[in-house]
Amino acid sequence: MAISLEQVIILCIDEEVGIKIEVKFKSINESKLAMYYVDVEGKMKGQKEIPWEDFDKNSPLAIVNFTSPNNFELDWKGFTKNGELAIDYALLGKKNLEGNYKRK
């Protein structure tokens, strides 16, 4: 996963269905970043439609914590609607993105 504070990046949140979202990162402090939902890319085929337009864009989807200069962990928080966790979509992205990463 590439992280940039200057540009929106695209992340695959469900490999089986091929759902990709656009996200941006904002610094919280020297060792933490917040990740925010910007938009969705592509359409789901043969699946229940997800209410992308209802998800908050000002609540963090995840927190990135740098554990060393070359390592970080991503803690997935989930999509929110009206400031509350969108329970039906809370795990969307967690399986594919949450975890520890090492710089290549």
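The values are calculated or read from the model by the stated rules, or taken from the named source; none is laboratory data. The structure presented is a predicted model; accordingly, all values stated were derived computationally and were not measured. Virtual Cβ from ideal backbone geometry, glycine too; neighbours counted across all protein chains shown.
For the residues Asn100, Asn65, the requirement of being outside any helix (DSSP H, G or I), touching a Ser or Thr at 6+ places or on another chain (Cβ under 9 Å), touching a residue at least 12 places away in the same chain (Cβ under 8 Å) and exposed (fewer than 13 other Cβ atoms within 10 Å of the Cβ) singles out Asn100.
Table: residues versus (1) over 11 Å from the mean Cα position of the chain (by Cα); (2) modelled with pLDDT under 95.
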| site | (1), (2) |
| --- | --- |
| Cys12 | no, yes |
| Glu15 | yes, yes |
| Val23 | no, no |
| Met35 | no, no |
| Met44 | yes, yes |
| Asp56 | yes, no |
| Leu92 | no, yes |
| Tyr101 | yes, yes |
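Just the residues that are in contact (Cβ under 8 Å) with a residue 24 or more places away in the chain and either charged (D, E, K, R) or loosely packed, with under 11 Cβ neighbours inside 10 Å (or both), please, taken from segment 70-82. Answer for segment 70-82, where residues must be in contact (Cβ under 8 Å) with a residue 24 or more places away in the chain and either charged (D, E, K, R) or loosely packed, with under 11 Cβ neighbours inside 10 Å (or both): Asn70, Glu73, Lys81, Asn82.
When you look at Ser27, is it part of a strand (DSSP E or B) and either of a type in the set (S, T, N, Q) or at pLDDT 95 or above (or both), yes or no? Reasoning before the result, please.
On the way: part of a strand (DSSP E or B): yes; either of a type in the set (S, T, N, Q) or at pLDDT 95 or above (or both): yes.
Judged against the criteria, Ser27 is a match.
Determine, yes or no, whether Val40 is surrounded by 14 or more Cβ atoms within 10 Å (Cβ to Cβ), farther than 17 Å from Asp75 by Cα and either modelled with pLDDT under 80 or touching a Cys at 6+ places or on another chain (Cβ under 6 Å) (or both). Criteria not met by Val40.
Of the residues making up segment 83-96, those that are loosely packed, with under 14 Cβ neighbours inside 10 Å and over 16 Å from Ile50 (Cα atoms) are Gly83, Glu84, Lys95. Looking across Leu33, Leu5, one residue alone is touching a strand residue (DSSP E or B) at 6+ places or on another chain (Cβ under 7 Å) and surrounded by 17 or more Cβ atoms within 10 Å (Cβ to Cβ). It is Leu33.
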